[in-house]
Amino acid sequence: MSPIRSATIVALASAVLATTLTGCSFGAGQEDTTPIVIAADLELSGASAPIGKAYQRALELKVEQLNGSGALGGRKIELLMKDNRSDASESLRNIGDFSGDSKVSAIIMGGCNECAFGAVRTINEKKIPTIALAASSAIVNPVADRRYVFKLAPNAEDSAAALTTELRRKGIRKVALLHSDDDYGREGLSALRGEFDKADIRLVRNESVRSTDTDVSQPVRRLTTEKPQALIVWTPPEQAGLAATSAQEAGFSGSLFLDAAAAGDLFLGGSARSTERATLIFTQTMVIDDVIATTPAKAARRQWFQDYTARFGGYNGFSSFAADAVQLIVDANLRAGGDGVNRDGVRDVLETSQMDGLSGPIRMTPDNHSGLMPQALTTLVARGGRWRLAG
């Protein structure tokens with residue numbers, strides 16, 4: 001049995017909907033062979049290309065696994081992909097093209113907050129179910145105005161709560177913050193202030209950086225001159241690495257804490273020295289090789305980690321969100337029924353989806369379209385050039 005085939009069987013064991021409902025759908029009558037067409041709008045070039053390419057790899061691997069599993073009966077998943085070039089205008093054009101294609105059942109969008117937020121109106125007007133992998137809560141709130149939009153990524157308030165818990169545990173009372181100058185960065189600033197007020201932690205200074213900034217040394221220097229006990233970095237992975245290096249060059253000797261948005265590759269490469277002993281809040285799948293697989297869900301996560309690593313020579317923490325988005329959409333298609341593409345049915349099923357996914361527990365409700373549960377987040381630490389489970 002091939003590794004991919006083996007991985008698929010393990011993964012599908014925890015995806016009850018995909019396995020049980022397939023039998024219900026195709027147990028009698030003519031077998032349905034309608035393809036499940038999923039479109040993807042990703043940052044494959046431009047400033048956010050590294051994460052976009054990680055999503056691309058994950059989508060292609062997950063689709064290959066599901067198509068080879070035999071769990072879809074006579075159906076196959078088809079993946080349509082377009083590059084938005086890390087540009088919200090280009091992304092909106094892609095969404096318009098996808099929504100006009102009657103074969104497309106749902107869309108997966110990448111990690112660009114501005115892209116997802118800018119497409120909300122079109123998504124709802126065209127009534128096409130969309131799962132964004134971006135983090136900003138503004139993408140899915142208010143839910144009444146975003147009925148067709150869902151997201152899979154850590155929430156700012158959950159990440160802030162986990163970070164604050166770790167700060168308190170370490171007795172840190174004076175911190176500085178570097179955050180991205182976008183919706184998610186501003187949400188992080190607000191969430192941290194709220195948590196710090198409850199925990200009696202003082203934010204001595206905060207600085208923001210644009211997503212296009214390739215030099216963050218000046219804002220980092222301004223933050224470290226305040227002599228905080230800890231520096232929190234709430235930016236994408238590339239800028240987090242730059243910030244860690246800048247802090248080290250500035251002589252900062254305090255603790256470094258990273259929000260989930262700063263997660264990226266398992267191995268830290270050129271930033272290994274400056275991030276040694278740094279703390280990251282992220283999902284357990286990033287370090288699942290440190291975890292004993294005591295449940296089917298953990299076994300599936302471990303198998304996914306191994307298959308992705310074997311295929312691509314390394315692991316990217318965000319890959320699991322893309323894979324879970326595919327699983328949710330496939331499950332929703334199988335449950336929605338009807339002849340041909342049933343976008344409204346897919347939307348309705350997504351809104352009540354529950355799954356122990358590769359990223360962790362996922363629960364969607366009519367009042368909450370942001371599915372990743374707070375319990376999915378854990379504390380990681382950088383040791384020896386890679387992320388490890390803390391403790």
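Database remark: amide H of His179 closer than 5 angstrom to the amide H of Glu207, Ser208, Val209, Trp234 (H placed geometrically; neighbours at sequence offset of 5 or more, or on other chains; Pro and chain starts carry no H). Annotation for Arg193 and Ser45: the two label points, set 7 Å from Cα along the Cα-Cβ direction, are 4.0 nm apart. Computed extension gain for Asp101 through Arg205, at 0.36 nm per residue and net of the alpha carbon distance, reaches 32.6 nm.
Rounded to the nearest 20 debye, what is the charge dipole size of the chain about its Cα centre when +1 sits on each Lys and Arg Cβ and -1 on each Asp and Glu Cβ? Kindly include the intermediate steps, with their values, before the conclusion.
Working: 43 positive and 45 negative charges, 202 e Å.
So the magnitude is around 960 debye.
Between the entries [x] 21.4, 68; [y] 20.7, 72; [z] 20.6, 61, the label attached to Rg and Dmax of the Cα atoms in Å calculated for this structure is [y].
Spatially, the stretch 215-281 and the stretch 50-74 are offset by 33 Å when compared through their Cα centroids.
Counting only protein heavy atoms and a probe of 1.4 Å, the accessible surface of the chain is 47% carbon and sulfur.
Once R0 is set to 30 Å, what does the formula 1/(1 + (r/R0)^6) return for the Cβ-Cβ distance between Gln375 and Thr309, expressed as a FRET efficiency to the nearest 0.05?
Computed FRET efficiency for Gln375 and Thr309 comes out at 0.75.
Of all DSSP beta bridges located in the chain, what percent are antiparallel, nearest 5? Among the beta bridges of the chain, antiparallel pairing accounts for roughly 30 percent.
The stretch 171-207 and the stretch 347-391 have Cα centres spaced 22 Å apart.
Please give the length that would be gained between Glu226 and Asp145 if that part of the chain were fully extended, namely 0.36 nm times their separation in residues minus their C-alpha to C-alpha distance (nm, one decimal).
Working: separation 81, 0.36 × 81 = 29.16 nm, distance 4.22 nm.
So the extension gain works out to 24.9 nm.
Each peptide in 333-343, 151-161 gets a packing score, the mean of other Cβ atoms within 10 Å over its residues, and the list from highest to lowest is 151-161, 333-343.
Could the peptides 166-172, 112-118, 256-262 be put in order, highest first, of the mean number of other beta-carbon atoms found within 10 Å of their residues?
Values: 166-172: 15.0, 112-118: 23.4, 256-262: 27.4.
Per-residue mean Cβ counts within 10 Å order the peptides as 256-262, 112-118, 166-172.
In terms of the Cα gyration tensor, with a ≥ b ≥ c the square roots of its eigenvalues, is the stretch 225-302 rounded because a/c is under 1.5, prolate because a/b exceeds b/c, or oblate? Prolate. Computed over protein heavy atoms with a 1.4 Å probe, the accessible surface of the chain works out to 40 Å² per residue. Rounded to the nearest 20, the Cβ-based charge dipole of the stretch 238-312 about its Cα centre (Lys and Arg +1, Asp and Glu -1) stands at 260 debye.
Which shape class, rounded, prolate or oblate, goes with the stretch 305-380 when its Cα gyration tensor gives a ≥ b ≥ c as root eigenvalues, a/c under 1.5 marks rounded, and past that a/b bigger than b/c marks prolate? Note, shape of the stretch 305-380 comes out oblate. Dividing the helix sum by the residues of the chain, where each DSSP H run of 4 or more adds -39500 (n - 2.57), gives a mean residue ellipticity at 222 nm of -13500 deg cm²/dmol. Segment Glu64..Asp344, full-extension length gain: 98.2 nm, with 0.36 nm per residue of separation and the alpha-carbon distance subtracted. Among the lysines of the chain, pairs at least eight places apart or on separate chains and with Cα atoms under 21 Å apart come to 21.
Shape of the stretch 163-234 from its Cα gyration tensor (a ≥ b ≥ c, root eigenvalues): rounded if a/c is under 1.5, otherwise prolate when a/b > b/c, or oblate? Don't skip to the end; give the middle numbers.
Values: a/c = 2.45, a/b = 1.43, b/c = 1.72.
In terms of gyration-tensor shape, oblate.
Along the stretch 54-69 the Karplus relation, 6.51 cos²θ - 1.76 cosθ + 1.60 evaluated at θ = phi - 60°, assigns HN-Hα couplings of 5, 4, 4, 4, 5, 4, 5, 5, 5, 4, 4, 5, 5, 5, x, 7 Hz to successive residues, with x for each Gly and Pro.
Could you work out the relative contact order of the chain, using alpha carbon pairs under 8 angstrom and six or more residues apart, expressed as a whole percent?
Values: 829 pairs, mean separation 71.5, N = 391.
Rounded, it is 18 percent for the chain.
The values are calculated or read from the model by the stated rules, or taken from the named source; none is laboratory data. It should be emphasised that the depicted structure is a prediction, and the values quoted were computed from it without experimental measurement. As a convention, Cβ positions derive from the backbone with ideal geometry for all residues, glycine included, and neighbour counts pool all protein chains shown. We work out accessible area using only protein heavy atoms, side chains counted, and drop any ligands, DNA or RNA first. Shrake-Rupley method; radii C 1.70, N 1.55, O 1.52, S 1.80 Å.
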